[in-house]
Amino acid sequence: MTEQTSSMWGGRFSEATDGFVAEFTASVNFDKRMAKQDIQGSIAHATMLGRCGIITSEESDLIISGLKQVQAEIDAGQFQWSVALEDVHMNVESRLTALIGDVGKKLHTGRSRNDQVATDIRLWLRDETDNILALLKRLQSGLLDLADKHTTTIMPGFTHLQTAQPVSFAHHVMAWFEMLVRDSERFADTRHRINQMPLGSAALAGTTYPIDRTITAELLGFEGICQNSLDAVSDRDFAIEFTANASLLMMHLSRMSEEIILWMSAQFGFVVVPDRFCTGSSIMPQKKNPDVPELVRGKAARVFGQLTTLLTLMKNQPLAYNKDNQEDKEPLFDCVDTITGSLLAFADMLPNLVPNSENMRAATMKGYATATDLADYLVKKGLPFRDAHEVVGKAVALAVQTGVDLSELSLAQLQSFSPLIADDVFDCLTLEGSLQARDHLGGTAPNQVKQAIIRGRQRIS
């Protein structure tokens, strides 16, 4: 038997917890990052106990003063954390009692660690959600600034990673922006469900003390109160939902990363990523590796794994609280750390991408990207679309055979496929003409993209 430890809850036990078991079951090494929220919740709880006459106002004031002193010690790096005290809650309460005496033991009146930890997690995740929303806004703003510079910078749009139709670099960047708008909306919506207060549910059935949960909810800035005590202490839906949102966000960042990695390659040469976001090779002097986007692409898998962890953790838990739920924090903490770091990196990197407009234009010219424009031209002249499709297909075949772009075929060559073709056809075969032709909401016309950027600024303001 290893060294044994005592605890603050050992009255019912005839022997102390085995030392290894105490360390194995302890969570303080990771849940101490919620100390600020734990003390914030305890101050509100003590305030409510005093207002409701459950403890005296003098006791309430003394507890609050002591909790602020504990917070000051933590902030100064002077607090001594103990694994023997299991978790952040017991560590704080133990230090409080050491500072102010037996009055500190009254803090836990009318609550349990079950509703306490559920409250701490919600307070912590609410703060982190606000931080993530701010980072998303910063990244979105940077993308809008980047797009604003390149509404006429032409690049190929792809389907199946094959050249499809001309678009502008700004139009492509604005597609990234739209992904992030949806991410922001999801996090903002989830915040409402995070911001519900479980405190007052106690262990699982509420408390016999005459508490007023509206007082603590107001003090802590909760917009609602959990309505069922059993559900309140055992619900982790909000954490799973947050991690699902994070997975979608990382999927979007991973898609962006993949494009940047491709575009950086010598085979594409579409963009230059500043050196400060890249590394070199230990053996190949010429290398400039896209480490930041590659890492973000890899970290997406990490967040997906955290979502699976939380879903699996909760899937077979009976009501109400179970020790299993101690395992919810590390995946959630890691998820937050991962998306926070990824957003910080992208908010710095993406606005500083430099497109190589010549390479982009040359690539657009290689793939017969204006073929659809020629088909649309024929349809406007009265030819059914399916017939126009066949005509253009033959014209592309000739262009491939002769090694030229559609716009480089002669008028006579084009007219050999359809007498409807006139000399105005070349207006629609230019890359600029193709962009301008799509002059509708969501289209590639530069003026439409500029309007989208304006709307984007309004949406994030």
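The values are calculated or read from the model by the stated rules, or taken from the named source; none is laboratory data. A quick note: this is a predicted structure, and the numbers were derived from the prediction, not measured. Every residue, glycine as well, gets a Cβ built from its backbone with ideal geometry; the counts of neighbours run over all protein chains shown. These area figures cover heavy atoms from the full protein model, side chains too; ligands, DNA and RNA do not enter into them. Shrake-Rupley method; radii C 1.70, N 1.55, O 1.52, S 1.80 Å.
Could you tell me which residue out of A202, A35, L431 lies farthest along the dipole of the chain toward its positive end? Charges go on the beta carbon: Lys and Arg +1, Asp and Glu -1, centred on the Cα centre.
Comparing the listed Cα positions along the dipole, L431 ranks first.
So between D275 and D424, what do we pick up on full extension, going 0.36 nm a residue minus the alpha carbon distance?
Working: separation 149, 0.36 × 149 = 53.64 nm, distance 4.59 nm.
Taking D275 through D424 to full extension adds about 49.0 nm, to one decimal.
Considering only A301, V273, C226, whose Cα is most displaced toward the positive end of the charge dipole of the chain, charges sitting on Cβ of Lys, Arg (+1) and Asp, Glu (-1)?
V273
In percent, how large is the relative contact order of segment 269-397, given Cα pairs closer than 8 Å and 6 or more residues apart?
Values: 80 pairs, mean separation 36.9, N = 129.
Relative contact order comes out at 29 percent.
How far apart, in nm, are the 7 Å Cα→Cβ label points at A76 and A301?
With each label placed 7 Å out from Cα toward Cβ, I get 4.7 nm.
Please list 162-170, 72-80 highest first by mean number of surrounding beta-carbon atoms within 10 Å per residue. Could the numbers behind the result be given before it?
Values: 162-170: 21.6, 72-80: 11.3.
Per-residue Cβ counts within 10 Å, averaged per peptide and sorted highest first, yield 162-170, 72-80.
If you look at just the Cα atoms of segment 325-431, how large are its Rg and its Dmax in Å?
24.1, 76
So how far apart, in nm, are the two label points at S65 and I454 if each is 7 Å from Cα heading toward Cβ?
According to this spin-label approximation, the distance is 6.1 nm.
With a Cα-only, solvent-free Debye model of segment 369-461, what are the log10 I(q)/I(0) values at q = 0.12, 0.17 Å⁻¹?
Summing over Cα pairs of segment 369-461 leads to -0.44, -0.72.
Kindly state, to the nearest 0.05, the FRET efficiency for V379 paired with N316, given R0 = 56 Å and r defined as their beta-carbon distance. Provide the component values of the computation, followed by the final result.
Working: r = 59 Å, r/R0 = 1.05.
Step by step, r from the Cβ atoms, then E = 0.45.
State the percentage of accessible surface on segment 114-361 attributable to carbon and sulfur atoms; use a 1.4 Å probe and exclude ligands, DNA and RNA.
Working: 5490 of 10480 Å².
It is 52 percent, rounded to a whole number.
Could you calculate, for segment 19-109, the ratio of the Cα radius of gyration to the Kirkwood radius, expressed as Rg to Rh?
Details: Rg = 13.3 Å, Rh = 13.4 Å.
Ratio of gyration radius to Kirkwood radius for segment 19-109: 1.00.
Relative contact order of segment 19-109: what whole-number percent is it, with Cα pairs under 8 angstrom and at least 6 residues apart? Write out the running numbers ahead of the final one.
Details: 91 pairs, mean separation 36.9, N = 91.
Relative contact order of segment 19-109: 41 percent.
What residue among Q140, L161, I339 has its Cα farthest toward the positive end of the dipole of the chain, where the charges are +1 on Lys, Arg and -1 on Asp, Glu, each on the Cβ?
Checked the options; the winner is L161.
Give me D for the chain in µm² s⁻¹, whole number, from Stokes-Einstein with Rh from the Kirkwood sum over alpha-carbon pairs, 4 °C and 1.567 mPa s. Walk me through the intermediate numbers first.
On the way: Rh = 26.5 Å.
Approximately 49 µm²/s, per Stokes-Einstein.
Per residue, how much accessible area does the chain show when a 1.4 Å probe rolls over the protein heavy atoms, in square angstrom?
Numbers: 21600 Å² over 461 residues.
Here the per-residue accessible area is 47 Å².
Please work out the C-alpha center-to-center distance from segment 46-63 to segment 183-253 and express it in whole Å.
Between the Cα centres of segment 46-63 and segment 183-253 lies a distance of 25 Å.
On average over all directions, what projected area in square nanometres does segment 138-186 have, based on the convex hull of its Cα atoms? Kindly include the intermediate steps, with their values, before the conclusion.
On the way: hull surface 15.1 nm².
Its average projected convex-hull area is 3.8 nm².
Quantify, in whole percent, the carbon and sulfur part of the accessible surface of segment 19-109 (1.4 Å probe; protein heavy atoms only).
On the way: 2080 of 4100 Å².
Looking at segment 19-109 in its full context, I get 51 percent from C and S.
Kindly rank 411-420, 346-355 from highest to lowest mean number of other beta carbons found within 10 Å of each residue. Walk me through the numbers before you get to the answer.
Working: 411-420: 15.3, 346-355: 19.1.
Descending packing order for the listed peptides: 346-355, 411-420.
Counting other Cβ atoms within 10 Å of each Cβ, which trypsin sites (Lys or Arg not before Pro) in segment 72-176 have at most 15 and sit in a DSSP loop? Please list the in-between numbers first.
Details: sites: R95, K105, K106, R111, R113, R122, R126, K137, R138, K149; in loops: R111, K149.
Loop-located and lightly packed - K149.
By how many nm would the segment from D127 to H389 lengthen if fully extended, with 0.36 nm per residue of separation less the alpha-carbon distance?
Numbers: separation 262, 0.36 × 262 = 94.32 nm, distance 5.53 nm.
Value of the extension gain: 88.8 nm.
Report the per residue volume, in Å³, of the convex hull enclosing the C-alpha atoms of segment 215-342. Can you show the working numbers first?
Numbers: hull volume 20.1 nm³, N = 128.
Per-residue hull volume (Cα only) is 157 Å³.
For D337 paired with F30, estimate the spin-label separation in nm (one decimal), with each label point 7 Å from Cα along the Cα-to-Cβ line.
Using points 7 Å along Cα→Cβ, the separation is 0.9 nm.
Please state the equivalent ellipsoid semi-axes for segment 114-361: what are the square roots of 5 times the Cα gyration tensor eigenvalues, largest first, in whole Å?
Numbers: eigenvalues 381, 68, 41 Å².
Ellipsoid half-lengths, sorted descending, are 44, 18, 14 Å.
Do you know the relative contact order of the chain, to the nearest whole percent, from alpha carbon pairs under 8 angstrom that are 6+ apart? Mind dumping the intermediate values first?
Values: 634 pairs, mean separation 73.2, N = 461.
Relative CO of the chain lands at 16 percent.
To the nearest Å, what is the center-to-center distance of segment 256-281 and segment 123-150, using C-alpha atoms only?
Here the answer is 23 Å between Cα centres.
Enumerate the helices in the chain for which the Kyte-Doolittle hydropathy averages -0.5 or more and the C-alpha atoms extend at least 20 Å along the helix's axis, using complete DSSP H runs. Before the final figure, lay out the partial values.
Numbers: long enough: 35-51 (24 Å, -0.25); 57-75 (27 Å, -0.22); 113-148 (52 Å, -0.31); 169-194 (38 Å, -0.37); 237-264 (40 Å, 0.65); 291-314 (35 Å, 0.50); 329-349 (30 Å, 0.55); 385-402 (25 Å, 0.41); 446-460 (21 Å, -0.93).
Counting only whole DSSP H runs, the qualifying helices are 35-51, 57-75, 113-148, 169-194, 237-264, 291-314, 329-349, 385-402.
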